[in-house]
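The structure appears right after this line, and notes come after that.
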Amino acid sequence: MEKCSSQLKETSEKASINCQNKFPEGISSCQLYLSSPTYRLVGKGKVHNTSGDLLHHRPLPDGHLKVSVDVVLDKDALLPIPDIVSETTFLRDAIGSFVAWPLDLIYIDDEVFAQGSQQLSQKIGSRQKNKRDLPVTSLPKKGAFVPRYQISLETLVDSSDMATAGAIRLLDMEEDIFGYSCTETIGKEDLEHIFRHQELGVGVIHTYIQFLYDNFMRGNDQLSNRFRFVSSSLVNKALICREPDSCREYLVKRFMASRTNNLYLWPYNSGCHWLLLAIDPLKEVVYFLNSIDGEWTNYPDMKQLVDTSIKVFRSQRQARVPRTKSNNITWIKVQCPLQRNGIDCGYFVMRFMREIINMNQIEIPITYFDEYKCAHYTRLQLEQIKEELCQYFIEKRLISI
């Protein structure tokens, strides 16, 4: 800690507390940089610029702001200040938690866009002329598909208070979805990530889960009894490392709600990547769907948590299993569609969940469902998921003029 503090002293002195005024008040999506050993982008998250804010019940160091970490782009990046409460030193272990970050190494997303494009730096004045800022990999010019719900939602956002950096909406999620009632926070930046086809945070993934519940499972006893969800806010890479007991207790509690064979869909964020686990706790089978073709052995903390939770669940329901099976949980790597860039993982996970529920099967074929089998999803298939999300935001009236 002393060594790290001395290294940061020069950085902290460059930015006085008054530098907080350069950030919008409230919560804003941001990019996180480090300056040593090279100046580089290492992650994305949200900066919390609120009066009297504390970090783990302690005042923030001078020249720092509280940041929640959503995405890690450099898996070997160290935290500027190690978290002595959770004993966390790597950025990848801070996913879903708060850390202190130097002011001059935080960039609000809008500032980054402005630095990279003269058009975007003047977007307030030119936005009405150029309504859509599609990402580089845009849809074909000749084609029938028009993302009308994305265009409509972006128009609503620009015409409402959500156009202000730091603006948020709250989405209530009922107990049946994750086993507890909660409120999901959706920021303007989350919507921008959808519009610009960027990496997705947990708020967007959870909103799509509520869409699936409302449009497929609500009122359908067969689907609602067959499929359940695991909260990525309560079980993620950071919490597994920091609070493994609470993660295990939550998973076991979810499994104990099983009355018949259930398939639990869990979008898991490893720190810089989304993948999907589909868990059948009664049959003790875990389906592993990874759009970058990695192995589950690359995620030992996650695998150990799942195996332990299933064994505790087995013990609590007093199940008898063959001695040869007692220490072996069946893991199946599904040959699912694979992504071809470093952005699409969240969109793939949402489409995986939709297709699994639509097939209405507990067992997932190793070679994936014939109806959806392909080497890669097309851009149009991912745009369809984004359209469903945007239509859902509009129908829920989360954005109003």
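The values are calculated or read from the model by the stated rules, or taken from the named source; none is laboratory data. Computed from a predicted model, the values in this text were never measured in an experiment. We place every Cβ from the backbone using ideal geometry, glycine too, and count neighbours over all the protein chains shown. Side chains are part of the model used for accessible areas, which takes the heavy atoms of the whole protein and leaves out ligands, DNA and RNA. Shrake-Rupley method; radii C 1.70, N 1.55, O 1.52, S 1.80 Å.
Could you list, in their original order, any pairs among K333/K373; K75/K333; K75/K386; K75/K237 whose Cα atoms are separated by more than 18 Å?
Checking Cα-Cα distances, K75/K333; K75/K386 exceed 18 Å.
Just by accessible area at a 1.4 angstrom probe, what is the order of D344, D53 from largest to smallest?
D53, D344
Extending each Cα 7 Å along its Cβ direction at C374 and T185, get the distance between those two points in nm, one decimal.
3.6 nm
Ordering S28, S224 by accessible area with a probe of 1.4 Å, largest first, what comes out?
S224, S28
What is the range 259-385 by shape, rounded, prolate or oblate, if you read a ≥ b ≥ c off the alpha carbon gyration tensor as root eigenvalues and call it rounded for a/c under 1.5, prolate for a/b larger than b/c, and oblate otherwise?
Note, shape of the range 259-385 comes out prolate.
Accessible area, 1.4 Å probe, largest first: how do D301, D370, D158 sort?
If we order D301, D370, D158 from most to least accessible, we get D370, D301, D158.
Rounded to the nearest 0.05, what FRET efficiency do K283 and D53 have when you use their Cβ-Cβ distance and R0 = 41 Å?
So, using R0 = 41 Å, E works out to roughly 0.30.
Once you place label points 7 Å from the Cα toward the Cβ at I366 and D221, how far apart are they in nm?
Each label point lies 7 Å from its Cα, and together they span 3.7 nm.
Given 5 Å bins starting at zero, what is the percent of C-alpha pairs of the range 42-85 in each, up to the one with the largest pair distance?
Histogram of Cα-Cα distances, whole percents per bin: 5, 17, 30, 24, 18, 5, 1.
At a threshold of 8 angstrom on Cα-Cα distance, excluding pairs fewer than six apart, so keeping six or more, what relative contact order does the range 53-103 reach in percent?
45 percent
Going by Cα centres, the range 301-380 and the range 155-210 are how many Å apart?
26 Å
Pull out a ≥ b ≥ c, the square roots of the eigenvalues of the alpha-carbon gyration tensor of the range 180-280, then state rounded if a/c is under 1.5, prolate if not and a/b is larger than b/c, and oblate in the remaining case.
It comes out oblate by the Cα gyration axes.
Residues of the range 217-318: accessible area per residue at 1.4 Å, in Å²?
Solvent-accessible surface per residue comes out at 40 Å².
Under the classification rounded if a/c is under 1.5, otherwise prolate if a/b is larger than b/c and oblate if not, where does the range 250-321 fall, given a ≥ b ≥ c as square roots of the Cα gyration tensor eigenvalues?
Note, shape of the range 250-321 comes out prolate.
Over the range 268-401, what is the relative contact order in percent, taking alpha-carbon pairs closer than 8 angstrom and at least six residues apart?
Relative contact order, the range 268-401: 26 percent.
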